[in-house]
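Chemist: Input: one structure, supplied below.
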Amino acid sequence: LLLVIILMLPFQDQLFSDDFAYAQSVRHFINTGDLKVSERVAPSSIAFIVWGAIIAKILGFTLANLHFSVVILIPFLLFSLYELFILTGSSKQKSLILTLFFLSIPLIIYFTYTFLTIIIFLVLEVFAILFFLKGFKKSNLTFFIIAGIFSSAAFLTRQLGIIIPLAAAFSILL
């Protein structure tokens, strides 16, 4: 992953797709303290804008730093996917192969170098599923609470995140 990051040289002040709309919301939030979601992006991108603002407060507001805020999420995504595969019964070797296969998907690499909601939503979604599954397997309320937090953050990134807790509730009913 580090080699791919170095070869792609992603940390430049350049725009991809709707980066400017999210970046505009982050800049407004940093400068005024007022969370104003751009009309161009999804209304529930709140968690993503806050994440970008945290990184921008630490490293400074540049498009390169906003892109970096997405790149640093990839190891967390890969680790949680690996754990999810193990938890579902895959061997360590098979889990590693599946995780590396996921990383090899060109769209994953492409969206890693943008300031769009896709990667952060994937991270939050996989974390939520992982903790819901741990909660089911270990009958531990703490895991369900953590999963609920990640599900809420996923919903506050993309509206589609509402499906995660609904699927868990449906699983409980079954």
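Quick note: the coordinates plus some simple rules give every number you see, no bench work behind them. Since we're looking at a predicted model, the values are computed, not measured. Cβ placement follows ideal geometry from the backbone for every residue including glycine, while neighbour counts extend to all protein chains displayed.
Chemist: Say R0 is 22 Å: what FRET efficiency, to the nearest 0.05, do Ile105 and Ile163 get from their beta-carbon distance? If you can, show how the numbers build up before the last one.
Modeler: Values: r = 21 Å, r/R0 = 0.96.
Result of the calculation: an efficiency of 0.55.
Chemist: Follow-up. Which value in nm describes the separation of the simple spin-label points at Ile145 and Asn31, placed 7 Å from the Cα toward the beta carbon?
Modeler: 4.0 nm
Chemist: Under a point spin-label approximation (7 Å from Cα along Cα-to-Cβ), what is the Thr88-Ser171 distance to one decimal in nm?
Modeler: Inter-label distance under the simple model: 1.0 nm.
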